[in-house]
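Taking it in order: structure first as C-alpha coordinates, then the write-up.
The values are calculated or read from the model by the stated rules, or taken from the named source; none is laboratory data. These numbers come from a predicted model, not from an experiment. Counting neighbours? That spans all protein chains shown, and the Cβs are built from the backbone with ideal geometry, glycine included. Areas reflect the complete protein model, heavy atoms only, side chains present, ligands, DNA and RNA absent. Shrake-Rupley method; radii C 1.70, N 1.55, O 1.52, S 1.80 Å.
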Amino acid sequence: MRQKIVAGNWKMNTFVREGLRLTEELIKLKYPSGVKLIIAPPYTHLFPIQSIVEGTLIELAAQNLAKENQGAFTGEISADILKDMGIKYSIIGHSERRMYYGENDAILFSKVEQALKNNLAPIFCIGESLDERENNEHFKIINHQLQNTIFKLSRDQFKQIIIAYEPVWAIGTGKTASPEQAQEIHAYIRTQIAEQFDNQIADGTSILYGGSCKPSNAKELFSMNDIDGGLIGGAALNSEDFIAIANSF
Ligand code: PEP
(Lines give C-alpha, C1' and ligand atoms only; values in the text may rest on other atoms or scores of the structure.)
Protein backbone atom coordinates (compact mmCIF):
# COMPACT_ATOMS: atom_id res chain seq x y z
CA MET A 1 0.00 0.00 0.00
CA ARG A 2 1.27 3.46 -0.88
CA GLN A 3 1.91 5.80 2.01
CA LYS A 4 -0.82 8.42 2.45
CA ILE A 5 0.79 11.77 3.17
CA VAL A 6 -0.42 15.23 4.09
CA ALA A 7 2.44 17.73 4.04
CA GLY A 8 2.17 21.40 5.02
CA ASN A 9 4.33 24.01 3.34
CA TRP A 10 4.32 27.03 5.65
CA LYS A 11 6.43 29.07 3.20
CA MET A 12 7.71 32.37 4.67
CA ASN A 13 4.95 32.60 7.28
CA THR A 14 4.77 32.61 11.09
CA PHE A 15 7.18 33.80 13.75
CA VAL A 16 8.89 31.07 15.76
CA ARG A 17 6.47 31.41 18.68
CA GLU A 18 3.49 31.12 16.32
CA GLY A 19 5.01 28.09 14.63
CA LEU A 20 5.48 26.44 18.01
CA ARG A 21 1.87 27.19 18.92
CA LEU A 22 0.60 25.81 15.62
CA THR A 23 2.64 22.65 16.10
CA GLU A 24 1.38 22.21 19.67
CA GLU A 25 -2.18 22.44 18.35
CA LEU A 26 -1.43 19.84 15.67
CA ILE A 27 0.02 17.47 18.24
CA LYS A 28 -3.26 17.55 20.20
CA LEU A 29 -5.58 16.92 17.23
CA LYS A 30 -6.54 13.43 16.01
CA TYR A 31 -6.01 12.04 12.53
CA PRO A 32 -5.78 8.47 11.15
CA SER A 33 -2.58 6.65 12.13
CA GLY A 34 -2.16 5.51 8.51
CA VAL A 35 -1.61 9.08 7.36
CA LYS A 36 1.89 10.53 7.55
CA LEU A 37 1.78 14.16 8.64
CA ILE A 38 4.74 16.32 7.60
CA ILE A 39 5.22 20.02 8.24
CA ALA A 40 7.71 22.29 6.52
CA PRO A 41 8.21 25.47 8.59
CA PRO A 42 10.84 28.11 7.79
CA TYR A 43 14.45 26.99 8.52
CA THR A 44 14.63 29.13 11.66
CA HIS A 45 11.79 27.16 13.23
CA LEU A 46 13.09 23.66 12.54
CA PHE A 47 15.25 23.26 15.61
CA PRO A 48 12.71 24.41 18.26
CA ILE A 49 9.87 22.57 16.52
CA GLN A 50 11.96 19.41 16.25
CA SER A 51 12.23 19.32 20.03
CA ILE A 52 8.44 19.38 20.49
CA VAL A 53 7.53 16.87 17.75
CA GLU A 54 10.02 14.30 18.99
CA GLY A 55 8.09 11.23 20.14
CA THR A 56 4.99 12.24 18.13
CA LEU A 57 4.12 11.02 14.63
CA ILE A 58 4.61 14.45 13.07
CA GLU A 59 7.71 14.73 10.88
CA LEU A 60 9.60 17.74 9.62
CA ALA A 61 10.63 18.81 6.17
CA ALA A 62 12.79 21.66 4.97
CA GLN A 63 11.28 23.87 2.26
CA ASN A 64 14.49 23.91 0.24
CA LEU A 65 18.17 23.00 0.48
CA ALA A 66 21.46 23.97 -1.14
CA LYS A 67 22.77 22.22 -4.21
CA GLU A 68 26.19 22.06 -2.53
CA ASN A 69 27.02 20.06 0.55
CA GLN A 70 29.22 22.40 2.59
CA GLY A 71 31.46 25.45 2.40
CA ALA A 72 31.50 29.08 1.33
CA PHE A 73 27.88 29.48 0.19
CA THR A 74 26.60 32.41 2.23
CA GLY A 75 22.97 32.17 3.18
CA GLU A 76 22.50 28.56 2.09
CA ILE A 77 21.49 25.52 4.17
CA SER A 78 22.77 22.10 3.13
CA ALA A 79 21.24 18.65 3.27
CA ASP A 80 24.16 17.77 5.54
CA ILE A 81 23.10 20.39 8.13
CA LEU A 82 19.46 19.30 7.89
CA LYS A 83 20.36 15.64 8.34
CA ASP A 84 22.39 16.50 11.42
CA MET A 85 19.26 18.12 12.88
CA GLY A 86 17.22 14.97 12.30
CA ILE A 87 15.19 16.35 9.39
CA LYS A 88 13.85 13.57 7.16
CA TYR A 89 12.37 15.35 4.11
CA SER A 90 12.88 18.37 1.90
CA ILE A 91 10.57 20.01 -0.59
CA ILE A 92 12.53 20.47 -3.83
CA GLY A 93 11.42 22.24 -7.00
CA HIS A 94 8.46 24.18 -5.66
CA SER A 95 7.18 26.43 -8.45
CA GLU A 96 7.98 29.51 -6.35
CA ARG A 97 11.64 28.42 -6.26
CA ARG A 98 11.56 27.74 -10.01
CA MET A 99 9.91 31.10 -10.79
CA TYR A 100 11.49 33.55 -8.33
CA TYR A 101 14.94 32.01 -7.78
CA GLY A 102 15.68 30.65 -11.24
CA GLU A 103 15.91 27.03 -10.15
CA ASN A 104 16.12 25.03 -13.35
CA ASP A 105 16.13 21.28 -13.83
CA ALA A 106 19.93 21.01 -13.53
CA ILE A 107 19.95 22.85 -10.19
CA LEU A 108 17.01 20.82 -8.95
CA PHE A 109 18.67 17.56 -9.89
CA SER A 110 21.78 18.57 -7.87
CA LYS A 111 19.51 19.31 -4.91
CA VAL A 112 17.82 15.92 -5.24
CA GLU A 113 21.24 14.24 -5.30
CA GLN A 114 22.34 16.14 -2.19
CA ALA A 115 19.15 15.19 -0.38
CA LEU A 116 19.48 11.51 -1.23
CA LYS A 117 23.18 11.40 -0.24
CA ASN A 118 22.08 12.65 3.17
CA ASN A 119 19.06 10.36 3.61
CA LEU A 120 16.54 13.14 3.14
CA ALA A 121 13.51 12.12 1.09
CA PRO A 122 12.72 14.73 -1.58
CA ILE A 123 9.13 15.93 -1.94
CA PHE A 124 9.67 16.81 -5.58
CA CYS A 125 7.25 19.32 -7.10
CA ILE A 126 6.23 19.39 -10.73
CA GLY A 127 3.41 21.14 -12.54
CA GLU A 128 2.42 23.22 -15.53
CA SER A 129 1.62 26.94 -15.78
CA LEU A 130 -1.75 28.31 -16.90
CA ASP A 131 -0.40 29.07 -20.39
CA GLU A 132 0.96 25.57 -20.73
CA ARG A 133 -2.39 24.07 -19.73
CA GLU A 134 -4.33 26.35 -22.05
CA ASN A 135 -2.01 25.35 -24.91
CA ASN A 136 -2.63 21.72 -24.05
CA GLU A 137 1.06 21.20 -23.23
CA HIS A 138 0.60 19.92 -19.68
CA PHE A 139 1.49 16.28 -20.37
CA LYS A 140 4.60 17.32 -22.34
CA ILE A 141 5.73 19.69 -19.57
CA ILE A 142 5.25 17.08 -16.85
CA ASN A 143 7.13 14.55 -18.95
CA HIS A 144 10.09 16.94 -19.43
CA GLN A 145 10.18 17.86 -15.76
CA LEU A 146 10.40 14.16 -14.88
CA GLN A 147 12.89 13.19 -17.60
CA ASN A 148 15.29 16.04 -16.78
CA THR A 149 15.40 15.36 -13.06
CA ILE A 150 14.19 12.41 -11.02
CA PHE A 151 14.05 9.98 -13.96
CA LYS A 152 17.85 10.22 -14.06
CA LEU A 153 18.00 8.49 -10.67
CA SER A 154 18.64 4.80 -10.20
CA ARG A 155 15.74 2.55 -9.26
CA ASP A 156 16.95 2.42 -5.64
CA GLN A 157 17.32 6.18 -5.40
CA PHE A 158 13.90 6.75 -6.95
CA LYS A 159 12.24 4.70 -4.20
CA GLN A 160 12.92 7.59 -1.78
CA ILE A 161 11.04 10.14 -3.91
CA ILE A 162 7.65 11.61 -3.07
CA ILE A 163 6.12 13.51 -5.99
CA ALA A 164 3.86 16.54 -5.61
CA TYR A 165 1.84 17.48 -8.68
CA GLU A 166 1.14 21.19 -8.27
CA PRO A 167 -0.43 22.95 -11.24
CA VAL A 168 1.05 26.45 -10.93
CA TRP A 169 -2.32 28.05 -11.78
CA ALA A 170 -3.86 26.44 -8.69
CA ILE A 171 -1.23 27.47 -6.12
CA GLY A 172 -2.45 30.14 -3.75
CA THR A 173 -5.11 31.22 -6.26
CA GLY A 174 -8.15 29.54 -4.73
CA LYS A 175 -8.57 27.67 -8.07
CA THR A 176 -8.26 23.94 -7.55
CA ALA A 177 -7.76 21.37 -10.27
CA SER A 178 -10.92 19.30 -10.45
CA PRO A 179 -10.48 15.78 -9.02
CA GLU A 180 -10.70 14.47 -12.60
CA GLN A 181 -8.05 16.90 -13.90
CA ALA A 182 -5.72 15.99 -11.03
CA GLN A 183 -6.37 12.25 -11.39
CA GLU A 184 -5.63 12.41 -15.11
CA ILE A 185 -2.17 13.86 -14.46
CA HIS A 186 -1.45 11.63 -11.46
CA ALA A 187 -2.31 8.55 -13.54
CA TYR A 188 -0.07 9.87 -16.32
CA ILE A 189 2.82 10.38 -13.88
CA ARG A 190 2.37 6.85 -12.54
CA THR A 191 2.38 5.42 -16.08
CA GLN A 192 5.57 7.33 -16.85
CA ILE A 193 7.21 5.94 -13.70
CA ALA A 194 6.20 2.41 -14.71
CA GLU A 195 7.72 2.93 -18.16
CA GLN A 196 10.93 4.42 -16.77
CA PHE A 197 11.35 1.95 -13.90
CA ASP A 198 8.67 -0.73 -13.42
CA ASN A 199 5.15 -1.32 -12.08
CA GLN A 200 6.33 -2.11 -8.60
CA ILE A 201 8.09 1.24 -8.26
CA ALA A 202 5.13 3.06 -9.87
CA ASP A 203 2.65 1.41 -7.49
CA GLY A 204 4.78 2.29 -4.48
CA THR A 205 5.35 5.99 -5.26
CA SER A 206 3.24 8.47 -3.30
CA ILE A 207 1.97 11.23 -5.60
CA LEU A 208 0.50 14.20 -3.74
CA TYR A 209 -1.74 16.90 -5.15
CA GLY A 210 -1.05 20.55 -4.33
CA GLY A 211 -2.92 23.70 -5.27
CA SER A 212 -5.61 25.32 -3.11
CA CYS A 213 -6.37 22.01 -1.40
CA LYS A 214 -8.57 22.66 1.63
CA PRO A 215 -11.03 20.82 3.92
CA SER A 216 -13.91 21.44 1.49
CA ASN A 217 -12.24 19.74 -1.52
CA ALA A 218 -9.72 17.30 0.00
CA LYS A 219 -12.13 14.37 0.30
CA GLU A 220 -13.04 14.39 -3.38
CA LEU A 221 -9.41 14.78 -4.43
CA PHE A 222 -8.16 12.04 -2.11
CA SER A 223 -10.86 9.64 -3.29
CA MET A 224 -9.14 9.46 -6.67
CA ASN A 225 -7.15 6.28 -7.38
CA ASP A 226 -3.78 7.90 -7.97
CA ILE A 227 -3.93 10.76 -5.46
CA ASP A 228 -2.11 9.72 -2.30
CA GLY A 229 -2.46 12.92 -0.32
CA GLY A 230 -1.68 16.59 -0.53
CA LEU A 231 0.98 19.27 -0.33
CA ILE A 232 -0.86 22.05 1.40
CA GLY A 233 0.06 25.76 1.47
CA GLY A 234 -2.44 28.25 2.91
CA ALA A 235 -4.59 25.69 4.73
CA ALA A 236 -1.52 24.30 6.54
CA LEU A 237 -1.34 27.50 8.60
CA ASN A 238 -4.53 26.67 10.45
CA SER A 239 -4.29 23.56 12.65
CA GLU A 240 -7.97 22.59 12.36
CA ASP A 241 -8.00 22.96 8.57
CA PHE A 242 -4.77 21.01 8.20
CA ILE A 243 -6.00 18.16 10.39
CA ALA A 244 -9.40 18.21 8.65
CA ILE A 245 -7.46 17.59 5.40
CA ALA A 246 -5.59 14.69 7.05
CA ASN A 247 -8.99 13.31 8.07
CA SER A 248 -10.26 13.44 4.48
CA PHE A 249 -9.06 10.01 3.30
C1 PEP B 1 1.91 25.15 -2.25
O2 PEP B 1 2.46 26.24 -2.21
O3 PEP B 1 2.59 24.11 -2.31
C4 PEP B 1 0.46 25.12 -2.23
C5 PEP B 1 -0.14 24.02 -2.61
O6 PEP B 1 -0.18 26.28 -1.83
P7 PEP B 1 -1.76 26.50 -1.64
O8 PEP B 1 -2.30 25.27 -0.93
O9 PEP B 1 -1.88 27.73 -0.80
O10 PEP B 1 -2.34 26.64 -3.00
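Descriptive notes on the structure:
- The chain - percent of accessible surface contributed by carbon and sulfur, probe 1.4 Å: 49
- Within region 169-236, the ratio Rg/Rh, alpha carbon atoms throughout and Rh by Kirkwood, equals 1.01.
- Separation of region 221-245 from region 77-111 is 22 Å, based on Cα centroids.
- Spin-label pair residue 3-residue 240: with each label point 7 Å from Cα along the Cα-Cβ axis, the two points sit 3.0 nm from one another.
- Of 117/219; 117/140; 117/152, those spanning more than 24 Å from alpha-carbon to alpha-carbon: 117/219; 117/140
- Of all the options 203, 80, 228, the one that moves most in a Gaussian network model of the chain with Cα springs shorter than 10 angstrom is 203.
- Note that region 4-246, at 4 °C in a medium of 1.567 mPa s, gets a Stokes-Einstein diffusion coefficient of 72 µm²/s from its Kirkwood radius over C-alpha pairs.
- Over region 4-246, accessible surface divided per residue gives 45 Å², non-protein components excluded, 1.4 Å probe.
- Annotation for residue 68 and residue 135: the two label points, set 7 Å from Cα along the Cα-Cβ direction, are 3.5 nm apart.
- Residue of 149, 205, 74 that the Gaussian network model of the chain assigns the largest fluctuation, springs spanning Cα pairs under 10 Å: 74
- Estimated inter-spin distance, residue 225 and residue 100, nm [label 7 Å along Cα→Cβ]: 3.8
- When you filter the GluC sites (Glu not before Pro) in region 1-92 for DSSP loop state and at most 11 other Cβ atoms inside 10 Å of their Cβ, you are left with 54.
- Heavy-atom accessible surface of residue 110, to the nearest 10 Å², is about 40 Å², with a 1.4 Å probe and all protein chains retained.
- Candidate residues 12, 85, 1: accessible-area rank, largest first, probe 1.4 Å: 1, 12, 85
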